[in-house]
Amino acid sequence: MNWHKTTLEISTHGKGLHDITESVRAQLRAWGVHEGMCFLFLPHTSASLVLSENWDPSARADLETFMERLVPEGADWYTHDLEGRDDATSHIRAMLTDTSLTVPVDNGELSLGSWQGIYLFEQRARPHRRKVLMRIIDVE
Amino acid sequence: MNWHKTTLEISTHGKGLHDITESVRAQLRAWGVHEGMCFLFLPHTSASLVLSENWDPSARADLETFMERLVPEGADWYTHDLEGRDDATSHIRAMLTDTSLTVPVDNGELSLGSWQGIYLFEQRARPHRRKVLMRIIDVE
Amino acid sequence: MNWHKTTLEISTHGKGLHDITESVRAQLRAWGVHEGMCFLFLPHTSASLVLSENWDPSARADLETFMERLVPEGADWYTHDLEGRDDATSHIRAMLTDTSLTVPVDNGELSLGSWQGIYLFEQRARPHRRKVLMRIIDVE
């Protein structure tokens, strides 16, 4: 069994889904991973990790619009607003999605579906520098 | 450490929660897994994996109804409808639930709660053939 | 590779987010884990595990309020109410959050973000005794 680890640094430019699939794939190839499990972990509470449709941008637009409608900025009942109108919403949206993803690796590649990409879902309006902890158990 | 892998093939007959617990259990027994972790991954973006109540069918009916109400088909603001009225909804519902599940294995069995089952939550109206990637790390 | 396992017992006193970060950390230290992955699994269907903001209590209050508003008790369309007004809601809320969490361990500590805590999100009104299955793969 081999173990690999790194921290991916992702720059986000405001709210929305940022495709990080290629960053993860490039790291897998650099390590020469053969087969096992890939664990991604986001050590932030105002963004999340999402696996979703990677072909038609309208699919992602609808995911973003849905979240704006379900958990709007500045709702009158929020009490957590120290960091602005996007404060409570960002934590709630993170809770409704995922902080970690676990993806099988086969033949050196992520075993994603054909139309499946890995996205960092930024919930903050301002640009952020996010970390994604990447860990690999290679069973070969 | 031992490593096992397979792909479960699940036929879904339209929307709703499909119990796959026995398919996973049967595979564990066939391999003679002793103790470790079971990783399930769904390489699709219009369905998801859910751990939920396995005894009273009304619990599952309410989960399904909730999703129909929260993310209805054909809302007027959807832009992603190439594959029909269930297109945007299916991706949004997948985002709100899980694409992967990680379950401990002890004494050769999934360590689920007494009333906990593993479900594939199909969000497409038409029947589909879905894959569930199953990976096991057996630590014995 | 080393494998560790235990079951944490958590007493909840009604609905809401219960911080279990220190219980997990204390167990890691007791085992002297060095580096690897920590898997937490909740064998219950009316509670969940959430990683969220650990500094300002108002962030957690808003998460709880959001769930009360999105999935209210006793909605007129629920059919699953054998165990009371919190029956359907508790399963729906569990589906929208997480049943398992996977967190990297580095230098003997959980690699959580600075403001990130691990919470058991109880959805039942009455006090419960909950189990959290904790599994560690230590790669050193």
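Dividing the Cα radius of gyration by the Kirkwood radius, what Rg/Rh value follows for segment A:1-82?
On the way: Rg = 16.7 Å, Rh = 15.8 Å.
Rg/Rh for segment A:1-82 comes to 1.05.
Which percent of the accessible area of the protein assembly as shown is formed by carbon and sulfur heavy atoms (probe 1.4 angstrom)? Walk me through the numbers before you get to the answer.
Details: 7060 of 15540 Å².
Roughly 45 percent, rounded to a whole number.
Can you return the lysines within cross-link range of C:K15? Criterion is Cα-Cα under 28 Å, with same-chain partners fewer than 8 residues away left out.
C:K5, C:K131
Which of B:W55, B:W115, B:W77 moves most in a GNM of chain B, Cα contacts under 10 Å?
B:W77
Inside 10 Å of the C-beta atoms of C:66-72, what's the mean count of C-beta atoms belonging to other chains?
Mean shielding by partner chains, rounded to a whole number: 4.
Let me check the size of chain A from its C-alpha atoms; what are the radius of gyration and Dmax in Å?
16.1, 54
Report the per residue volume, in Å³, of the convex hull enclosing the C-alpha atoms of the protein assembly as shown.
130
Give the distance, in whole Å, between the Cα centre of segment C:65-121 and the Cα centre of segment A:29-77.
A separation of 19 Å, based on Cα centres.
In Å and on Cα atoms, what radius of gyration and Dmax does segment A:56-99 show?
11.5, 37
Note the buried accessible area between C and A here, summed over both chains, with a 1.4 Å probe, in Å² to the nearest 100.
What C and A bury together is about 2600 Å².
Testing the spin-label approximation: label points 7 Å from Cα along Cα→Cβ at A:N2 and A:K131. State their distance in nm.
Between A:N2 and A:K131, the simple spin-label model gives 2.5 nm.
The values are calculated or read from the model by the stated rules, or taken from the named source; none is laboratory data. What you are looking at is a predicted structure, and each value in this text was computed from that prediction instead of being measured. Positions of Cβ are generated from backbone atoms using ideal geometry, with glycine treated the same way; all protein chains shown enter the neighbour counts. For the accessible areas, the whole protein counts, side chains as well, though only heavy atoms, and no ligand, DNA or RNA atoms are used. Shrake-Rupley method; radii C 1.70, N 1.55, O 1.52, S 1.80 Å.
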